[in-house]
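*Asks:* So that we are looking at the same thing, I have put the structure below in structure tokens.
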Amino acid sequence: MEIKIAKDAGYCFGVRDAVSMAYDATDKFGKVYMLGSIVHNEKVVNDLEKSGAQIVDNLVDVPLDNPILFRAHGTTERLWKDAKEKGMNILDATCPLVYEIHHEVKKLCSEGRKIIVIGDHGHDEVVAIADQVKDAIIISSIGDARKLRKMKKVGVVTQSTQDFNNVQEIINILMNKVFDLHFINTICYPTKRNHEQIIEISKDSDIMLIIGSFTSANSKRLTKLSKDINKNTYQVTNSDDLNALWFENKDSIGISAGASTPDYLIEEVKNKIKLIYQEELWKKAHLKLKLA
């Protein structure tokens, strides 16, 4: 039995830094408040809540003597303005690569281009990117792209965790609709590397596991990417979701995880798989003894 874990599985540096900042804040201030989940992983959120990181729906729910942490995905300009006007202690955990997308959007807009963001509708990161300019268009699929009217001058960026194939298909459609198209590929490097590794590992594995929350668009994209290559692909949130039947007559297991999945969950899944195989070997050895 062989277990192969993608080198870039799990936390990207932006998420790791944001979670570390939240823990540091609870150590220093006792409590820290966040507008929504810091990352799309229930286990991480629950652990943070136990340490003193509390989720609120509105800035008015944050006591003025406690800090507000703006998450890795980025925050709208309006929330920044409101927090500053209230004199709040703002802890900025926005991923530097997300800030780079904000910069590119503003630069494209300054060239007189209509902005299109390729990303998931309603996703925190996508909402914050689109908010950097006026009337940005968000498209998530080739269906959205086909509905667009013809345009003269357009700038396009992507959500940092988008699937490259989806982006490429959308750009192919936009090339027939836009006279002057400037596309900047803002899929982040950790995402690109993880995608590449999943493609390679899924080809050579009997079974693939993607560890991540079902609330995470990133994790669901990774699962689809793997499943397109290896039909024996399963998404799990933690080791409790593993089914021993999946591993029958399987000799090689590939593992990757979403950008919001902590290292310890990956380790727990790996250890549970080893335990499943050990129990299976014991059963086979016991059966042989009985037959003898």
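The values are calculated or read from the model by the stated rules, or taken from the named source; none is laboratory data. For clarity, every value in this text was computed on a predicted model and none was experimentally measured. Cβ sites come from the backbone with ideal geometry, for glycine too, and all protein chains shown count toward neighbours. What goes into the accessible areas is simple: the full protein's heavy atoms, side chains included, and nothing from ligands, DNA or RNA. Shrake-Rupley method; radii C 1.70, N 1.55, O 1.52, S 1.80 Å.
*Asks:* Among the residues of region 116-136, write down those that are within 15 Å of THR186 (Cβ to Cβ) and in contact with an Asp or Glu (Cβ under 8 Å, 6 or more places away or on another chain).
*Replies:* Passing the criteria: GLY119, VAL126, GLN132.
*Asks:* In addition: I'm told ILE229 meets every condition in (1) within 14 Å of THR161 (Cα to Cα); (2) among the β-branched types (Val, Ile, Thr); (3) modelled with pLDDT of 95 or more except one. Can you identify the failing condition by its number?
*Replies:* All conditions pass for ILE229, except number (1).
*Asks:* Let me ask something else about it. Go through region 145-246 and tell me which strands (runs of 3 or more DSSP E), entirely inside it, have 3 or more residues that are out of contact with any Pro (no Cβ under 8 Å at 6 or more places or on another chain) and within 30 Å of GLU42 (Cα to Cα). Can you show your working first?
*Replies:* On the way: elements: 151-158, 178-183, 207-211, 233-236.
Passing ranges, in order: 207-211, 233-236.
*Asks:* Still on this structure, please answer the following. Quick one: GLU248 ticks every box in (1) modelled with pLDDT of 90 or more; (2) surrounded by fewer than 19 Cβ atoms within 10 Å (Cβ to Cβ) bar one, so which box is it?
*Replies:* Answer for GLU248: the failing condition is (1).
*Asks:* Further, regarding this structure: Of the numbered conditions (1) closer than 27 Å to GLY10 by Cα; (2) open to solvent by 20 Å² or more (accessible area, probe 1.4 Å); (3) modelled with pLDDT of 95 or more; (4) in contact with a Phe, Trp or Tyr (Cβ under 9 Å, 6 or more places away or on another chain), LYS192 fails exactly one; give the number of that condition.
*Replies:* The one condition LYS192 does not meet is (3).
*Asks:* Quickly run through region 110-133 and pick out the residues that are of a type outside the set (Ser, Thr, Tyr), farther than 25 Å from ALA72 by Cβ and open to solvent by 60 Å² or more (accessible area, probe 1.4 Å). Working first, answer last.
*Replies:* Within region 110-133, the first condition is being of a type outside the set (Ser, Thr, Tyr), and the residues that meet it are 111-133.
Subsequent filtering for residues that are farther than 25 Å from ALA72 by Cβ retains 111-114.
GLU111, LYS114 - these are the residues of region 110-133 that are of a type outside the set (Ser, Thr, Tyr), farther than 25 Å from ALA72 by Cβ and open to solvent by 60 Å² or more (accessible area, probe 1.4 Å).
*Asks:* Mind checking which residues of region 91-119 are in a loop (DSSP other than H, G, I, E, B) and at pLDDT 95 or above? Lay out the reasoning, then the answer.
*Replies:* Our first condition is that a residue be in a loop (DSSP other than H, G, I, E, B); within region 91-119, this holds for 93-95, 111-113, 119.
Correct list: GLU111, GLY112, ARG113, GLY119.
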